[in-house]
Amino acid sequence: MKELEDEPMQQTGADTAPSSEELWNEDTYAAWVSRFGTPAEAALKLKKDPGAKLYPLSAYFGEVSGRRMMNLMGSNGMKAVALALQGAQVSVADFSEANARYAGELAEQAGVELNYIVSDVLKLPEEVTNGTYDIVFAELGIVHYFTDLAPFMDTAYKLLAAGGRFVLRDFHPVTTKLITSKGSTAKVRKHKVTGDYFDTALQEKKVSYSKYLPSSGEVTGAAAHSVVYWRRWTLGELVTAAAASGLIIRQLVEEPNLSSDVYDRGIPKTFTLVAEKA
């Protein structure tokens, strides 16, 4: 099941060119097909081993069957559908119609239900932020989109039921803010401290899905020009913002490169913050 906000849609016809938003959505959908295959192909892989897609998050979730879960900025729904295959009741909140389309088709092909809410996660309707979720999570490439962490952490708090758990897994700021890495293999990989860990400046970046667009043909519409502005946060800022929202910090796990024992050895690559609502 897919729940969408009522938003004005621009109609197209023989004499009307597609809007930039429609072109952007088509580009985004094409990017996911390029990376994961069609929703049918991706669903087939997920059904074989949904747990593989959830590593290492599942260690912080515990048993998910029957639990109400919210994936903030859940993108194409891969994690959400994997959780639904394990018996969870999953919702996703994300602003992208194209992500919702891919996720909805993925869920349908996987034979599970998915509640997809197309919305700015900071502007979710009150009937959603009513404190009913057992687990709220966000992961990998999320927090840098917020120029103020307080509204994001407050949203997580409002979504959670009493005793509910918030899990945030993202890239470690030592890697994103401090170190520049060059070299594509472990033997030639070189690292330099070139950044400023305490820099608060906004950074202009290309849209996140652009690297997955098919190589044949050119990017069309708004995607050819779209940029986002990132704010890289320190670990201290993230923990403090979570605590200030009323969440109780239970764990902060700093992780190495989990895909390799030797590649980028000794450098924190990701972190997982686990907090609860009293």
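Tabulated results
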read-out	value
Unsatisfied cross-links (Cα-Cα over 28 Å) in the set Lys79/Lys192; Lys53/Lys269; Lys79/Lys158; Lys79/Lys123	Lys79/Lys192
Ranking by accessible area, most exposed first, for Arg169, Arg35 with a 1.4 Å probe	Arg35, Arg169
Most to least packed among 156-168, 190-202, 92-104 [average Cβ atoms within 10 Å]	92-104, 156-168, 190-202
Karplus (6.51, -1.76, 1.60) ³J(HN,Hα), θ = phi - 60°, over region 247-255, in Hz, Gly and Pro reported as x	6, 9, 6, 10, 8, 9, 10, 9, 10
Amide H contacts of Leu140 (H built 1.01 Å from N, under 5 Å, at least 5 apart or other chain)	Arg169, Asp170, Phe171
Karplus-derived 3J(HN,Hα), 6.51/-1.76/1.60, for each residue of region 153-169, Hz, glycine and proline x	5, 4, 5, 4, 4, 5, 6, 6, 6, 4, x, x, 10, 10, 10, 10, 10
Met73, Met153, ranked by accessible area, largest first (probe 1.4 Å)	Met73, Met153
Filtered GluC sites (Glu not before Pro), region 102-152: DSSP coil and at most 10 other beta carbons within 10 Å	Glu126, Glu127
Most to least accessible of Tyr145, Tyr229, Tyr29, Tyr55 (protein chains only, probe 1.4 Å)	Tyr55, Tyr229, Tyr145, Tyr29
Calculated FRET efficiency for the pair Arg265/Glu41, C-beta based, R₀ 35 Å, to 0.05	0.50
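The values are calculated or read from the model by the stated rules, or taken from the named source; none is laboratory data. Not measured: the values here are computed from a predicted model. Positions of Cβ are generated from backbone atoms using ideal geometry, with glycine treated the same way; all protein chains shown enter the neighbour counts. Heads up: the accessible areas ignore ligands, DNA and RNA and are worked out on the full protein's heavy atoms, side chains in. Shrake-Rupley method; radii C 1.70, N 1.55, O 1.52, S 1.80 Å.
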